[in-house]
Structure formats: structure tokens, C-alpha cells
Amino acid sequence: TQSKTELEDELATLMGGRLAEELVLEDVTSGAAMDLRQATEIARRMVCEWGMSKKMGPLTYGHREEHIYLGRDITRSEDYSEETAREIDKEIRRILNAAEARARDILTTNLDKLKKLGEELLEKETLAAEEIRELLGLPQPDNGKPETAPSDEADSRTEETAEPANEDTSVKLE
């Protein structure tokens with residue numbers, strides 16, 4: 001279970017990778033495709049499954065399914081109108097645009113830190129949360145627990161994200 005605020009934070013994070021490319025490289029690559037797909041799916045579920053849209057209300061909207069039959073065209077099965085589908089699409093776009101604007105604000109405010117982190121990642125490829133905090137001059141967590149070494153799960157992260165392996169080691173730039 002995640003709150004609306006947590007989901008909005010996750011959406012801003014997902015939109016941040018593509019924006020970082022745009023801000024630093026002045027170009028975008030296909031590298032953010034999975035992030036965009038995941039962000040779109042979260043926003044769709046916020047609107048259609050979890051009732052987290054003021055505009056669409058506390059309702060659930062079934063999936064629009066496409067069925068392909070051998071020798072026939074694609075047929076669709078849906079339980080809402082085309083007008084409702086357009087409104088759902090608009091609301092998903094509004095949520096993603098808000099997440100992108102938030103990510104842009106955070107990244108432009110911290111552009112010097114973003115560039116410094118990028119340069120370090122080019123040199124070392126991966127960084128632990130503690131190294132990121134030290135590099136950027138951010139405070140170390142004081143939660144009474146020592147930071148754990150990165151797990152195998154952390155090894156599956158891409159170098160560009162430099163995301164911590166667990167919540168205890170997250171780094172906030174806001």
C-alpha cells in the first residue's frame with residue numbers, strides 16, 4: 001500500500017532520469033523508456049483503480065482490453081465510453097505533467113549537484129548512498145543503525161539512477 005503522496009514522489013523520480021538527460025546532454029535517449037512506461041502505468045492505476053483523481057472521482061474504471069482473433073481485426077472490450085476514455089487519458093497526462101514539472105524544478109535547482117554526481121558516476125560507475133551524500137555534502141542518516149552494504153538487488157540498478165538499495169539510505173535533494 002502506498003499513499004498518493006508516495007506515488008507522486010515515485011512519479012517525479014521516474015520522470016527525473018529523462019529530464020536529467022535533457023538538462024545535461026540537451027538531448028534525450030531511449031534509456032528512459034521503462035521509466036516512462038512505469039510512470040504511465042502508476043498514473044493510470046491512480047486514476048482507474050485507486051480513485052486518486054479529484055476530476056475522475058473515487059471510482060474504478062475497468063481496463064480497455066484488446067483481443068486479437070486469428071484472421072480478424074483487433075476487437076476491444078471496455079466498460080466505459082470513449083468520452084470517459086478521453087477524460088482518463090487527460091487526467092493521466094495531467095498527473096504525469098505535474099510529476100515532470102516537479103522533477104524539473106528539483107533538478108534545475110540542484111543542477112550543480114546533478115552534474116557533479118554524473119561526473120563521479122562516469123568515473124566510478126556505481127556509488128553507495130553514503131558516497132553520494134558525502135560527494136554532495138548532504139547529511140548522513142542518524143537513525144541509530146549503520147548503513148548496510150549494497151545487496152544483490154542494488155547490483156541490478158543502472159548506474160545513471162544511483163538510487164539507494166533501501167529506504168533507510170535514500171537521498172533527498174529537495
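Descriptive notes on the structure:
- Counting the residues of the range 50-59 that are out of contact with any Lys or Arg (no Cβ under 7 Å at 6 or more places or on another chain) and surrounded by 13 or more Cβ atoms within 10 Å (Cβ to Cβ) gives 4.
- Matching option when the condition is closer than 21 Å to Leu36 by Cα and at pLDDT 90 or above, among Leu127, Leu136, Leu111, Leu96: Leu96
- Among the candidates Pro146, Pro150, the residue that is at pLDDT below 50 and outside any helix (DSSP H, G or I) is uniquely Pro150.
- Check on Arg37, in contact with a helix residue (DSSP H, G or I) (Cβ under 7 Å, 6 or more places away or on another chain) and assigned to a helix (DSSP H, G or I): no
- Leu19 vs. criteria crowded, with 20+ Cβ neighbours inside 10 Å, within 14 Å of the chain's Cα centre (by Cα) and in contact (Cβ under 8 Å) with a residue 12 or more places away in the chain: yes
- Test: residue in the range 63-83 that is surrounded by fewer than 14 Cβ atoms within 10 Å (Cβ to Cβ), in a helix (DSSP H, G or I) and modelled with pLDDT of 85 or more: yes
- If you check Ala32, Ala20, Ala39 for being of a type in the set (A, V, I, L, M) and in contact with a Lys or Arg (Cβ under 9 Å, 6 or more places away or on another chain), only one passes: Ala32.
- Within the range 160-167, the presence of at least one residue that is at pLDDT below 90 and part of a helix (DSSP H, G or I) is confirmed.
- Taken over the range 32-43, residues that are open to solvent by less than 80 Å² (accessible area, probe 1.4 Å) and either among the aliphatic types (A, V, I, L, M) or more than 13 Å from the chain's Cα centre (by Cα) (or both) amount to 6.
The values are calculated or read from the model by the stated rules, or taken from the named source; none is laboratory data. Nothing here was measured: the structure is a model prediction, and the numbers come from that model. In this analysis, Cβ positions are derived from the backbone assuming ideal geometry, glycine residues included, and neighbour counts consider all displayed protein chains. Only protein heavy atoms, including side chains, enter the accessible area calculation; ligands, DNA and RNA are left aside. Shrake-Rupley method; radii C 1.70, N 1.55, O 1.52, S 1.80 Å.
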